[in-house]
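The values are calculated or read from the model by the stated rules, or taken from the named source; none is laboratory data. What you see is a predicted model; the values in this text were computed from it and never measured. Here the Cβ positions follow ideal geometry from the backbone for every residue, glycine too, while neighbour counts run over all protein chains shown.
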Amino acid sequence: MNIHEYQAKELLRSYQVPVPAGNVAFSDGQAYSIAEQIGGNRWVIKAQIHAGGRGKAGGVKAADSLDEVRKIADEMIGMTLVTHQTGPQGRVVKRVLVEEASEITAEYYLGFVIDRASQRITIVASCEGGVEIEEVARRSPEKIIKEAIDPAIGLADFQCRKVAAAMGLRDKERMTQMVRIMKRIYRCFRDKDALQAEINPLAQVNGGKLICLDAKFNFDDNALYRHPDVNELRDLDEEDPKEVEASGHGL
């Protein structure tokens, strides 16, 4: 089961993982109010659908005024967004995420997946973020870092430091941040029976702070009975109607 970006960030926030200030809006008026509450003078409006490639398709835009926030939200909500993952029919945008804008100085990739071969939770990371990880793997496979986690021990600090160093985050301040971020995401991943967690990009912003600018989670359908809080995040409008019908019959 997939969830929206704003839901993934709320989940991460509950585990004290740094994410931008923001909230979901279902109307242009709500978007205006959220931006006003966030404060500042620049915001990002992001279409919320279960598909990647939103930025290239016009589903991620920046605004320099509250009126522009309202205008962009009004244009996005109700539009059909077509990306390389939606198919030609696209997906109707029913909500947007309004966030504070960040001044990015570097972008990284951080993911947690279940490796079927080793049957272990595995970290997948790269010094190249903000692009599809498959593209990085195809173009520069040497930039992909993998670290399997022993389920009997859990994620150890030395593993976090090893991954951080391989990503180029070798100074004490950023390495300390990375250890904290990785351990908290791992705990969330394990607690909620996730199958995939993807932070792309994990960004360094002004001042050297690391923050999760985008987040994606996928959960084990067979474990949802243990997590009613996660099951409540399900958006049936974003799923294949045949899959929804099948799940209703326990298939």
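Counting only helices (runs of 4 or more DSSP H) that sit wholly inside the stretch 1-99, those with at least 3 residues that are touching a helix residue (DSSP H, G or I) at 6+ places or on another chain (Cβ under 6 Å) and buried (at least 17 other Cβ atoms within 10 Å of the Cβ) are 28-38, 66-76.
Across the stretch 121-141, the qualifying residues are those that are part of a loop (DSSP other than H, G, I, E, B) and of a type in the set (Asp, Glu), and the one among them that is surrounded by the most Cβ atoms within 10 Å (Cβ to Cβ) is 128.
Any residue that is in contact (Cβ under 8 Å) with a residue 24 or more places away in the chain and closer than 23 Å to residue 184 by Cα - is there at least one of those in the stretch 45-64?
There is no residue in the stretch 45-64 that is in contact (Cβ under 8 Å) with a residue 24 or more places away in the chain and closer than 23 Å to residue 184 by Cα.
Scanning the stretch 165-202 for residues that are assigned to a loop (DSSP other than H, G, I, E, B), out of contact with any Asp or Glu (no Cβ under 6 Å at 6 or more places or on another chain), surrounded by fewer than 20 Cβ atoms within 10 Å (Cβ to Cβ) and of a type outside the set (Lys, Arg) turns up 168, 171. Residues in the stretch 118-133 that are under 15 Å from residue 195 (Cβ atoms) and among the hydrophobic types (A, V, I, L, M, F, W, C): 3 in all.
Every condition in (1) surrounded by 14 or more Cβ atoms within 10 Å (Cβ to Cβ); (2) among the hydroxyl-bearing types (Ser, Thr, Tyr); (3) closer than 28 Å to residue 222 by Cα is met by residue 118 except one, and the failing one is (1). A single member of 34, 49 is more than 19 Å from residue 239 (Cβ to Cβ), outside the structural domain of residue 181 (by TED's automatic domain parsing) and among the β-branched types (Val, Ile, Thr), and it is 34.
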